[in-house]
Amino acid sequence: MSAPPLRVLIGKPGLDGHNRGARVICQALRDAGMEVIYTGIRRSPEQVVEAALTEDVDAIGLSNLSGAHLSLFPRIAALLREAGVGDDVLLFCGGTIPAEDRQPLLDAGYKGVFGPDTPLEEIVRFVRENAGRRDER
Amino acid sequence: MSDARTEYDRLVAKTLQRAPERAPAFTTASGLPRERVHAPAAPDAAWDEQIGWPGLYPFTRGIQPTLYRGRHWTMRQYAGFGSPAETNARFKALLAAGQTGLSVAFDLPTQIGYDSDASIAAGEVGKVGVPISTLDDMEELLDGIPLDEISISMTINSSAAVLLALLVAVARRRGLDPACLRGTTQNDILKEYVARGTFRFPIGPSMRLVTDTFRYCSTALPRWNPISISGYHIREAGSTAPQELAFTFADGIAYVEAARAAGLDVDAFMPQLSFFFAAHSDLLEEVAKFRAARRLWAKIARHRLGAKDPQSWRCRFHVQTGGVTLTARQPENNIIRVALQALSAVLGGCQSLHTNGMDEALALPTEASAVLALRTQQVIAYEAGVADTVDPLGGSFAVEDLTDRVEAEAAALLEKVDAAGGMIAAIEAGLPQRLIQQAAYDHQRAVDSGARVVVGVNRFETGEEAQPAVFRVDPAVEEARATRLAAFRARRDEGRARARLAALEAAANKEGAPLVEAIVDAVLDQVTLGEVMGTLAGVFGEYAGADHY
């Protein structure tokens, strides 16, 4: 029997309304056979975490283009840990993120930080290779 | 000589009496004469009807007979960040560098109607624009800016009426008649639901606020553009050029119909409508798009909306170079992209122009890159010679053919929107959103496959490169704003502020009652933006619509 499809939450926390990237990535992951849940724009960190718990996802990808990534993304990672979500859920993020902000996001638990110009295939491959190892341990 | 040519010559003569051209005669770099406009020696009826003459219906060739020979487009760089004082300093630097108009970028809390100290604003204060919560903030933002001389454009939508009221209040406190104010509130709420996301209220009451600003401006602020109907963000979200025009004009039709339903005469407000488009890198298609935009809107305004005044037929527009075309890799290449895009806007006859900074794929522009972007416009205006002939590409087989094709495809899309019951029904059904999403996805797939070349990204790559130093907003700004707001509220006459909010609430509850005047009164009595918007949300509700993929 083939493995069940990966479940991925794509979240837009904060007040930023730029959803082009998030929606294009939703479509790419879905075309790659994954189940994708999209939060829609302008969700609070708490709403993103609640959606992740309700949907029992294997991976969470966040997008922000307003420059608020350093306050929003680490906060969501912390809330997930508080809610008991462990390292078995893959965190990744993207947006207009300057190079010097990558390390703080990696330190906060994001395994992938994707900037502008990233090919869709690179993100699909990253999710496929790094998510959904819950049953393998 | 054709009747249209005679009419054009008469219009030029009339215009020159009022506004002489920049030079008594224009010549090329080699001293050859430069004509005002070129046309066939014997234009036929089809030429006069479809292409015509600058300043005459259907305005394919421009909205004015002499265009940039009279005055260059307004060079208007979008700017705002950190605090009102920091943004004021950037404005002054841009004006000192030769910018000719202001364009205010507000932060997201301000755009959605929250004060800087609201919990929902955390992390977003001062990030993508300037935070404005109070009359004090607005006065600081505009300190030393002569409001009766410089036009001001404000990218503000759901809270547009509040920012307009704050500007009127600043003018009044300076002893100016607000009728002297020139500029634009973007105030295009429909595209927020489609593409940009700073909506606050449901569509119905949002449309009421928009039409109320039309009413207010048609008498109190006759030189103000109460709206800038925007295709820019639709294009940024992924649309094609014809989709950009179609959805923009579908929004425009919805506003005019709403204002007419609210009892306004179309010719009383339509001359004050303005538009906003993107300029991307396909130079000839973009030039064609701008020309098609003028022709299509003129036809819609005259024949569909029934406007009688030729001023109501003119599609006046601002252009911004395409943010999504900027690349993070090899960022210097963006300078070239911006120059080509700006050139298309000028060849296409825009009224004002913003050129993006080379570093904007990653952050707000540094002052140096904002000034370089302005210099790009100045080189086009003063060195390239393209501003000395009106519609210099008019009559080109390639450009005329593309103009016809862009117009035809946009018109066909407009029919689709009509078949869906008009733009508001189409937005509620997700029709434009779906088409834009598909175009965005197709574009990304084409870039990924290499079918569409992006220099430095999927062709001519150089591997790892050093990133330029990017602009950063001071993280201390959020706390400083909270302290400032607390002091502001402690200082004011609380009873007066409460009474103004109660009056605003009563007006909001009464369908058709004027709102802008009540908001002006409120902000003059130190009511904050967040309080005005919160009170309106209490009556109107919050938009809970979907952005579901």
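Laboratory data are not the source of any read-out in this text; all were calculated from the coordinates shown. Here the structure is a predicted model, which means the values were calculated and not measured. Neighbour counts are summed over all protein chains in view; Cβ atoms, including those assigned to glycine, are modelled from backbone coordinates with ideal geometry.
By how many nm would the segment from residue B:26 to residue B:119 grow when fully extended, if each residue of separation counts as 0.36 nm and the alpha-carbon distance is taken off? Before the final figure, lay out each step's value.
Values: separation 93, 0.36 × 93 = 33.48 nm, distance 5.83 nm.
Length gained between residue B:26 and residue B:119: 27.7 nm.
As an exercise, use a Förster radius of 35 Å and the Cβ-Cβ distance of residue B:415 and residue B:49 to find the FRET efficiency, rounded to the nearest 0.05. Don't skip to the end; give the middle numbers.
Details: r = 21 Å, r/R0 = 0.61.
Approximately 0.95, to the nearest 0.05.
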Whole-Å distance linking the alpha carbon centroid of the stretch B:420-471 with that of the stretch B:497-524 is 42
Take peptides B:299-308, B:468-477 and line them up by average Cβ neighbours within 10 Å, highest first, as a rough protection proxy. B:299-308, B:468-477
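How much length is gained on full extension from residue B:304 to residue B:267, taking 0.36 nm per residue of separation minus their Cα-Cα distance? Don't skip to the end; give the middle numbers.
Working: separation 37, 0.36 × 37 = 13.32 nm, distance 1.34 nm.
Computed gain between residue B:304 and residue B:267 is 12.0 nm.
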Difference of contour (0.36 nm per residue) and Cα-Cα distance, residue B:19 to residue B:38: 4.7 nm
Cα-projected label distance for residue B:466 with residue B:506, points at 7 Å along beta-carbon direction, nm: 6.6
Gyration tensor (Cα only) of chain B to equivalent ellipsoid, semi-axes in Å sorted down, yields 36, 28, 24
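Count charges around residue B:534 for me, please; just the other residues with Cβ under 15 Å from its Cβ, Lys/Arg as +1, Asp/Glu as -1. Spell out each step's value before the answer.
On the way: positive: B:200, B:489, B:498, B:500; negative: B:115, B:117, B:505, B:531, B:542.
With Lys, Arg at +1 and Asp, Glu at -1, the net is -1.
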Any aspartates and glutamates whose Cα falls less than 14 Å from that of residue A:111, other than same-chain ones fewer than 8 residues away, would be A:58, A:87, A:88, A:101, A:122, A:129
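How high is the FRET efficiency between residue A:50 and residue B:97 when r is their beta carbon distance and R₀ equals 35 Å, given to the nearest 0.05? Please report the intermediate quantities before stating the final value.
Working: r = 48 Å, r/R0 = 1.38.
E(calc), rounded to 0.05, equals 0.15.
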Could you compute the net charge surrounding residue B:426? Neighbours are other residues with a C-beta less than 12 Å from the C-beta of residue B:426; K and R count +1, D and E count -1. -2
Which of B:191/B:289; B:92/B:289; B:14/B:308; B:191/B:299; B:92/B:299; A:12/B:510 have a Cα-Cα distance over 29 Å? B:92/B:289; B:92/B:299; A:12/B:510
In degrees, nearest 10, range 0 to 90: what is the angle between the Cα axis of helix B:160-173 and the longest Cα principal axis of chain B? 80
What do you get for the angle between helix B:477-491 and the principal long axis of chain B? Use alpha-carbon atoms, 0 to 90 degrees, nearest ten. 60
Label zone at residue B:284, where the point sits 7 Å out along the Cα-to-Cβ direction: the stretch B:371-414 residues whose backbone N lies under 18 Å: B:391-409
Helix axis angle, B:333-347 relative to chain B longest principal axis, alpha carbon, degrees: 70
Can you give the relative contact order of the stretch B:52-449 as a percent, counting alpha carbon pairs under 8 Å and 6+ residues apart? 18
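In a shell of Cβ-Cβ distance under 14 Å around residue B:95, excluding residue B:95 itself, what net charge do Lys and Arg (+1) and Asp and Glu (-1) give? Working shown, then result.
Values: positive: B:76, B:90, B:92; negative: B:143, B:149, B:367.
Net charge in that neighbourhood comes out at 0.
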For the stretch B:304-343 and the stretch A:34-67, distance of Cα centres in Å: 33
Alpha-carbon spread of the stretch A:7-129, three principal axes, descending order, Å: 32, 31, 26
Cα shape, the stretch A:86-133, gyration tensor, a/c 1.5 rule: oblate
Where labels lie 7 Å past Cα in the beta-carbon direction, separation of residue B:176 and residue A:30 in nm: 4.9
Which number comes out as Rg/Rh for the protein assembly as shown once both Rg and the Kirkwood Rh are worked out on C-alpha atoms? 0.97
